[in-house]
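The values are calculated or read from the model by the stated rules, or taken from the named source; none is laboratory data. Because the structure is a prediction, the values reported are computed rather than measured. Ideal geometry is used to build each Cβ from the backbone, glycine not excepted, and the neighbour counts take in all protein chains shown. Just the protein is used for accessible areas: all its heavy atoms, side chains included, with ligands, DNA and RNA removed. Shrake-Rupley method; radii C 1.70, N 1.55, O 1.52, S 1.80 Å.
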Amino acid sequence: MRTDGILGVEDRDSKRSAINTARNKQKWLSRKEKWLVVLGVILHAVYMLSIFDIYFKTPIVHGMDPVPPRFVAPAKRLVLLVADGLRADKFFEPDSDSDGGYRAPFLRNIIRKQGRWGVSHARPPTESRPGHVAIIAGFYEDPSAVTKGWKANPVEFDSVFNQSRHIFSYGSPDIVPIFCGALPHSTWNTYPHEFEDFATDASFLDEWSFDQFQNLLNRSNQDPKLKHLLEQDKLVVFLHLLGCDSNGHAHKPFSSIYLNNVKVVDKIAEKVYNLMQSYFKDNQTAYIFTADHGMSDKGSHGDGHPTNTDTPLVAWGAGVGYPLPISHSDHHENTAARFIDDHLHDTATPSEWGLSGMTRLDVNQADIAPLMSTLLGLPCPVNSVGNLPLRYMNLNKAEEVEAVLANTKQILNQFLRKSQLKQSTSLFFKPFKPLASYSSLLRQIEHLISLKEYETAMKLSEHLRSLALQGLHYFQTYDWLMLMTVITLGYVGWMIYVVLHVLQSYTSLPANIFSKEQLPNPRRSKVKVHLLGGLSMGVVCTVLLVEQSPPLYHAYVVMTMFLWTQIFSEYRFLKALCRYLCGKPNDYYLKLIATCIFSVIILELLVKSFTDRKLYTWCFLTTGVAVAFYLFRSLPWRSGVPIFVWVACWFLSAFTLLPPQIPENTLLVVAGGLMIIAIAIILRYVELHAKDNIYWRSLAEQDSKKLKFPLLFHLQILLVGLASVLVWLSTSHRTEKRELLVLHQLMNWSIAGFSMILPLFSATGLLPRLTSIFLGFAPPFLLLSIGYEALFYGALSLALIAWILVENAYLHISKFRLSSAQVKSMEGNFNLAHDNRCLELSDMRIPLAFMVFFNIAFFGTGNFASIASFEISSVYRFITIFSPFLMASLLIFKLLIPFILVICVFSAITKLVQIPLLGCYFLVILCSDVMTIHFFFLVRNKGSWMEIGNSISHFGIMSAQVVFVLMLFAGTNVFTKDILVRSAQQFSRKKM
């Protein structure tokens, strides 16, 4: 008896000790995961900033000396006419309103008799500021401007205007002040912003600019100082003609208003020419007519479509050559020009332009700046990357070589300055080898010029210029390899660290690995690894400090090295894991590799879906057939699950074929409300009859002790119906241009708010709670809908129900296939503290399915990445008075509702299959980071603002998922924490 008592005490002590150990382990795990989440947030925030150090670093450097050409300037003054938004084809093609006539008769006469012409190729982003920067300063958009907006100069840069003696400029208040406002040697004026009225014909803006310049010349007759200034050399006249841009936006480039504006611009060019010729009478004025960008058929610009990039260029006057007779030798491939952009130059001229007999000389837009500088005898802008279009000029052989050499030296000076700056701060400097002997090349060119071997000198100068441009690109991307390697290693390290945490905390691997051997305390070994890692970080940071690297460079390196230090500190676990894996059969490796490949394929398709929504259509069409076929073989026909899965997937697949710009259709919103009610009634029927079917029993299991509200379901159905009615009433008032009643607004707000609280009081079974959540968020979504997205809410819900049914069916199929020994083995894999089993390799399907549903919530009815694409009329049933913050908040909440449904179902499924939610969360983050790495390499610093912005937002969205998903988990946990599930494993355990 005494012995039994002692044994009983020892047994109780051992149980108490085991319980305390389990509690301590849970506390340690909780602390570790909080630290891991904080680390993930910091890491993703820091790495997200890396794209601005890699892709969006300014190419502009200072400290170079200007290089003036060594010959007498052919022109005393220059007139620059920029027709904003004028596309080349509308300028050159014939006018349909006149028989055989053209819209620009004066400039066409110039092309045929006095000057030279071609197409100027702009590089995206085809916006006004980047276009004018290229024309005036000779370089393409500073990529660092993406963080500051196009109207502000990110940095100070040199331009033709800076180098001139004086600049006279008139035009738009959005353009002229940018380039002339800070110049002391400028005379400029702009019209008020109120003049830019899209409801009117904007061609009068062009007339205004000409009138201002004409008044200036008239005023000079009574102003001796102004007269004297106008008689000086190196003068620039810049007229910015905005009419075509405004009329293109408002009326489209095919409209009569836009086409008439082309005629207006031509007449202004003629007036300016006649005015200058009559005023100066010295034939020493050069004229350049061009455009900053074109205009798409939709009345927009920004991207790289030829309608936006192809602009007219006409040059004539002092220093400009006369028309060239066409010959086969005129068409040649300019490799230096192709280095700047990807346009094919000197392409065939459309026959309808009527210029097939005239030699066409295409240029890059940045080439216009050195052309203007050379005509005026000015140094090229010191940051220019343009190639002097020599064939536009009328120079002798010696002057041609000197002009190209000056252009080459100016670009070479930029290269040398960048090389000097990088070498002065780099301990391991790698020079640009092709230009190692640039000084001997320069001496050789000068020697050839002195010997009057101009052809050879010209070829060497052009070759040196091409190498200098390549050298500029080399130093612009000098740190790319290092930074991209560090960031990639950081993401890979983070993913490995997350995998290690999941393996150690949520799988049976630690028990399997260490069951036969007792490891010594690894703290001492970890300290050694951490000391070595800290020492390495200190050495690398010291090197970066000596190299005067930006502070963020230190952060990137420290974060990456810290992660890999943490990984190496787990070397005992890694070593044991390798031994464990080595003992596995080949089938296990095949299963592991197949899972990894399948996961990567799914994630890569999700990456592609960001630019092609139709992939989801094929995804759900294929999934519907494949899963239904699998279930047909495993479940009896009468269950109806395979047919339901098939129909739900195919129904959802249709929505990504619809346009993201949702057209207003109140009938569809009301139909969506009726569909939601029908789905809820069917789910209610299934819930009430679930006890008679083993496939549904676990979904409707609930705690009978919990309070129930029998009429809650009916109340929620009533609120959905009321919301549908109010959608109809509110929209009818707006379409009839009647003021929305305050009573309607109050009812809308009340129904939306009250309905979202009701799910908290619903039954705790999986199916009843999810049905209540589905009904609870339906009224606010309906009241914020304007079209087919109301049906999408129902379709997404059906697909999510199908996901639950598939997982439930998989549980039953697995149970019947398992032997008794396997069931007993499964029993040992349960975490008794949370009644969860350990994660298995096959569970990877759940995070992958979540990623698919999470992304279909992004793109099912539009694009969450560009909120501006959604209709503001969505909020009119709640507020009609303009309130940006409240309207944006309502719009964002509408977009979040599908995410809330997906998160709630995901949480419920983890309870259904008895796996830890946080373990699945870390697997979701692992999947999102695979996509993040891909988006990191897809970030663009060339293209339209929309293309650049989308590439940044895609990368940013995936980087932010570590926080975004966690916040949604925390928010939806209020609804899902009480869900009670008795799964198939639990039933089997209870019987055993």
Discussion item. From the convex hull of the Cα coordinates of the stretch 755-805, what is the mean projected area in square nanometres?
Written reply: 3.5 nm²
Discussion item. Quick check: with the 1.4 Å probe, what order do 207, 127 take by accessible area, largest first?
Written reply: 207, 127
Practice prompt. Enumerate the calculated ³J(HN,Hα) couplings along the stretch 470-476 in order (Karplus 6.51 cos²θ - 1.76 cosθ + 1.60, θ = phi - 60°), each rounded to whole Hz, writing x wherever the residue is Gly or Pro.
Written response: 5, x, 4, 5, 4, 7, 5
Worksheet item: Which whole-Hz ³J(HN,Hα) couplings does the stretch 776-787 yield from phi under the Karplus relation 6.51 cos²θ - 1.76 cosθ + 1.60, θ = phi - 60°, glycine and proline marked x?
Response: x, 9, 5, x, x, 5, 4, 5, 9, 9, 10, x
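Can you sort 840, 570, 455, 789 by solvent-accessible area, 1.4 Å probe, largest first?
Values: 840 85, 570 30, 455 110, 789 0 Å².
Result, largest first: 455, 840, 570, 789.
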Worksheet item: If ligands, DNA and RNA are left out, what is the accessible area of residue 579 with a 1.4 Å probe, given in Å² to the nearest 10?
Response: 120 Å²
Item to complete: Kindly report, to the nearest 10 Å², the accessible surface of residue 838 as traced by a 1.4 Å probe over protein heavy atoms only.
Response: 30 Å²
Discussion item. Can you tally the net charge around residue 924? Count Lys and Arg as +1, Asp and Glu as -1, for every other residue whose Cβ sits under 13 Å from the Cβ of residue 924.
Written reply: -1
Worksheet item: Modelled label-to-label distance, residue 165 and residue 893, 7 Å Cα→beta-carbon offset: nm?
Response: 6.7 nm
Fill in: Where labels lie 7 Å past Cα in the beta-carbon direction, separation of residue 477 and residue 586 in nm
4.3 nm
Worksheet item: Can you give the Kirkwood hydrodynamic radius of the stretch 546-701 from its Cα pairs, in Å with one decimal?
Response: 21.7 Å
Worksheet item: To the nearest 10 Å², what's residue 754's accessible area with a 1.4 Å probe?
Response: 100 Å²
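Hey, what's the per residue convex hull volume over the C-alpha atoms of the stretch 444-581, in cubic angstrom? Kindly include the intermediate steps, with their values, before the conclusion.
Values: hull volume 22.9 nm³, N = 138.
Considering the Cα atoms of the stretch 444-581, their hull volume per residue is 166 Å³.
What is the packing order of peptides 391-397, 850-856, 652-658, taking the mean over residues of other C-beta atoms within 10 Å and listing the highest first? Each step should come with its number before you reach the end.
Working: 391-397: 16.1, 850-856: 23.0, 652-658: 19.4.
Output ranking for 391-397, 850-856, 652-658: 850-856, 652-658, 391-397.
Order the following by accessible area, largest value first: 924, 725. Probe radius 1.4 Å; ligands, DNA and RNA are ignored. Write down the numbers at each step before the final one.
Working: 924 0, 725 80 Å².
So the residues, ranked largest to smallest area, are 725, 924.
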Worksheet item: What is the set of long-range amide H partners of residue 79 at a cut-off below 5 Å, with H atoms built 1.01 Å from backbone N?
Response: 237, 286, 287, 288
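Can you order the peptides 84-97, 901-914 by their average number of other Cβ atoms within 10 Å per residue, highest first?
Values: 84-97: 21.2, 901-914: 23.6.
Taking the mean over residues of other Cβ atoms within 10 Å, the ranking is 901-914, 84-97.
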